1. Among the residues that make up the stretch 226-236, is at least one of them under 30 Å from Phe320 (Cα atoms) and not acidic (Asp, Glu)?
2. Scan Ile234, Ile162, Ile156 and give me the residue that is among the aliphatic types (A, V, I, L, M) and buried (at least 20 other Cβ atoms within 10 Å of the Cβ).
3. What are the residue pairs meeting all of these: first residue in the stretch 158-179, first residue within 18 Å of Leu212 (Cα to Cα) and hydroxyl-bearing (Ser, Thr, Tyr), second residue at pLDDT 95 or above and in a strand (DSSP E or B), Cβ atoms under 8 Å, and 6 or more apart or on different chains?
4. Out of the strands (runs of 3 or more DSSP E) lying entirely within the stretch 59-150, which hold 3 or more residues that are surrounded by fewer than 20 Cβ atoms within 10 Å (Cβ to Cβ)?
5. Tell me yes or no: at least one residue of the stretch 247-262 is surrounded by 16 or more Cβ atoms within 10 Å (Cβ to Cβ), farther than 23 Å from Lys183 by Cα and free of Cβ contacts under 8 Å to residues at least 40 places away in the same chain.
Amino acid sequence: MRTRVRLSDLAYELDVSPSTISRALSGDPRISHKTRSAASELAKRWGYIPNAFAVNLLKKKSNNIGLILPEFTNPYFSNVLLGIDKVINENDLHLLINTHNGDYEKEIKASRVLNSLMIDGLLVAYARNTSDFQHYENIIYSGVPIVFFDRLCEDIEASYVITDDFQGAQDAMNHFIQSGCKKIAHLKGPENLSTSFTRMMGYLEGLKRNGLGVNEDLILSWNENPVTYKKQIIDFLNQHKVDAIFAYDDYMAYEVAQILLETGTSIPDEVSIIGFSDDPISQYAHPRISTVAQNAELMGKRATEILLNKLENPDSKEIFTEMLPTKLILRQTTKNVF
């Protein structure tokens with residue numbers, strides 16, 4: 001079995017020290033032209049590959065950017081990754097990706113693994129059950145800047161890019177009410193996510209601004225068990241005769257739409273539905289789901305640009321906060337405004 005060629009192998013062949021070979025391969029002018037040429041020719045002939053970790057340790061810079069994603073399969077985060085990757089490639093950097101799949105312990109492990117690989121900076125969308133951010137505090141303390149995206153972390157002084165979920169939710173509520181809806185329910189997202197909180201607050205503000213009272217009974221909490229959650233939705237709809245539903249995301253909107261159709265409820269004549277994100281499921285479902293669209297690719301792009309700015313200005317204490325606009329897209333699950 002062929003073994004990897006080491007620096008010491010080249011040094012032994014040329015009868016010089018490993019440090020001399022290292023300097024020769026890096027073009028150090030203190031090493032004679034003859035030795036530099038011999039080292040370069042031998043390294044090429046033997047297929048020597050420098051130890052990237054050792055080189056990075058010496059330079060104190062790796063050109064590696066770490067990324068912690070919730071998952072790959074969600075189209076929203078796939079589009080975020082597309083925006084990140086474009087900026088990474090334009091700047092000749094390397095992207096190291098890890099996922100947590102909503103698991104807090106896996107997120108901690110991912111953050112430690114990436115930091116051990118000497119990343120220059122880190123992009124993060126934290127897990128839905130994360131409430132302690134000490135692992136990120138430790139990374140920042142070690143000198144590695146972090147930019148959060150999609151999810152706001154108020155416990156840490158770090159830059160972030162999010163969408164204006166609050167206004168997006170209000171836009172959804174305005175349309176419901178202007179189209180004649182009066183009893184509007186909200187299906188909440190995971191409790192610890194900032195997106196869940198801001199979308200619910202936008203829902204509540206939308207009710208108040210349109211002169212409708214808030215009924216806490218019309219807010220259904222999230223449940224990560226899909227079987228249990230579906231039963232809760234069915235029970236909820238049986239108990240409350242609502243005429244509109246604002247869902248935390250498009251998958252919830254799709255789920256509730258299918259439940260309503262199974263019971264013979266007419267959409268949108270009897271119940272209107274608006275989701276959030278503009279995932280492909282909202283475009284191709286039957287009926288096609290109205291939604292609040294987010295620009296996921298732009299979010300990834302801006303988060304990466306902010307991180308690179310931090311790397312170029314390491315002494316700057318400036319915290320960047322950016323909120324991207326949303327857009328209400330009306331499809332078949334909402335009534336027209338007359």
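The values are calculated or read from the model by the stated rules, or taken from the named source; none is laboratory data. Just so it is clear, the model here is predicted, and its values are computed rather than measured. No Cβ is skipped: glycine too gets one built from the backbone with ideal geometry, and neighbour counts run over all protein chains shown.
1. Taking every residue of the stretch 226-236 in turn, none turns out to be under 30 Å from Phe320 (Cα atoms) and not acidic (Asp, Glu).
2. Exactly one of Ile234, Ile162, Ile156 is among the aliphatic types (A, V, I, L, M) and buried (at least 20 other Cβ atoms within 10 Å of the Cβ), namely Ile162.
3. Ser179/Ser272
4. Values: elements: 64-69, 94-99, 121-124, 146-149.
Counting at least 3 such residues, we get 94-99.
5. Among the residues of the stretch 247-262, not one is surrounded by 16 or more Cβ atoms within 10 Å (Cβ to Cβ), farther than 23 Å from Lys183 by Cα and free of Cβ contacts under 8 Å to residues at least 40 places away in the same chain, which makes the answer no.
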